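The values are calculated or read from the model by the stated rules, or taken from the named source; none is laboratory data. Since the structure is predicted, the reported quantities are computational estimates derived from the model, not experimental observations. Glycine gets a Cβ as well: all are built from the backbone with ideal geometry, and neighbour counts include every protein chain shown. Quick note on the areas: whole protein, heavy atoms, side chains included, nothing else; ligands and nucleic acids left out. Shrake-Rupley method; radii C 1.70, N 1.55, O 1.52, S 1.80 Å.
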Amino acid sequence: MSMDPHSVQPLEARLLYTATPAKPKVFPLQAYSGALVGVFTSDTPFQVVGGDAGSLTLQITNRKKARQYGTVDISFVLTKGSASASKFSPALGEVRNYMVDLKYKQSMTIKKSIVWSSTALSGDYTVAASIDPGGSIVAGKAFGSSVPGATVYLQKAVTDLFISNFSVTSTINRTTGNTVLSFVLNVRNGGTATARGDVPITIYAAHFDQASPDDVALKTTTLKKLVLPKNTTRTVTMTVTVPDGDVLPPDIYFLRISLDTSQLGTEASSTNDSVFSRKAIELN
């Protein structure tokens with residue numbers, strides 16, 4: 001039994017074959033008429049972090065009596081202040097050449113794995129789906145048929161390195177020649193993104209438990225190619241040779257450890273990049 005071409009409403013020009021494939025019928029291109037109604041399911045999250053993986057579930061329904069048949073492209077985007085997608089909206093993911101075949105009031109569900117935008121600024125956004133019946137998502141084309149979704153709060157992915165613990169594990173006595181000081185520190189990433197890059201660490205001798213231009217730099221070492229996921233800690237063991245009295249006169253000093261996070265590029269704050277030893281050290 002051959003298919004009646006007048007009983008379908010194609011969403012784009014495609015070759016559709018009858019039961020006798022000798023002469024394929026080409027249905028004309030028709031602009032999207034709004035016959036498909038879409039809604040995002042309730043599992044759309046309320047808060048997300050840029051760069052994280054996730055998924056969106058879109059349910060589309062045929063609201064017209066004519067059968068809806070053809071392939072569509074669907075673009076999932078973030079919109080700001082409007083539920084209408086545009087070529088400037090941060091893209092989340094695409095579904096290409098998705099087959100739609102729906103009778104009146106029939107529905108189908110499309111689930112798409114996405115990555116939340118890592119370039120969008122923190123704030124409230126609306127998730128929208130743009131249905132393109134043309135079969136090809138091109139900037140500025142067929143973005144008028146948008147399906148609004150739930151509002152989500154997107155938090156821009158940032159790193160936040162700080163020293164969560166700092167312990168001196170040796171004593172020093174310059175009179176006896178013991179000039180090597182050992183200590184352990186925990187570098188923690190309290191941000192929402194993985195920290196990647198080189199992180200220089202500088203050890204200072206300070207007269208007071210607050211940073212000063214008079215602090216004496218004792219040593220700088222670098223954590224090469226650091227990869228520290230969010231909410232994780234790396235333990236670092238270090239040593240420093242304390243200079244003689246000409247460079248560091250006998251006195252009571254605090255040790256200050258400072259991280260240089262400028263090379264990470266996504267650091268939330270640099271105000272917590274330094275930490276002082278809990279106890280002062282007396283140098284003879």
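Details
- Looking only at the range 238-249, and only at residues there that are more than 43 Å from the chain's Cα centre (by Cα) and open to solvent by 80 Å² or more (accessible area, probe 1.4 Å), the one that is farthest from LEU264 (Cα to Cα): ASP246
- In the range 16-75, residue nearest to TYR104 (Cα to Cα) [restricted to those that are open to solvent by 60 Å² or more (accessible area, probe 1.4 Å), in a strand (DSSP E or B) and at pLDDT 75 or above]: GLN59
- For LYS219, the requirement of being of a type outside the set (A, V, I, L, M, F, W, C), surrounded by 14 or more Cβ atoms within 10 Å (Cβ to Cβ) and part of a strand (DSSP E or B) is met.
- Residue check for THR235: of a type outside the set (Phe, Trp, Tyr) and either open to solvent by less than 70 Å² (accessible area, probe 1.4 Å) or within 21 Å of ASN178 (Cα to Cα) (or both): no
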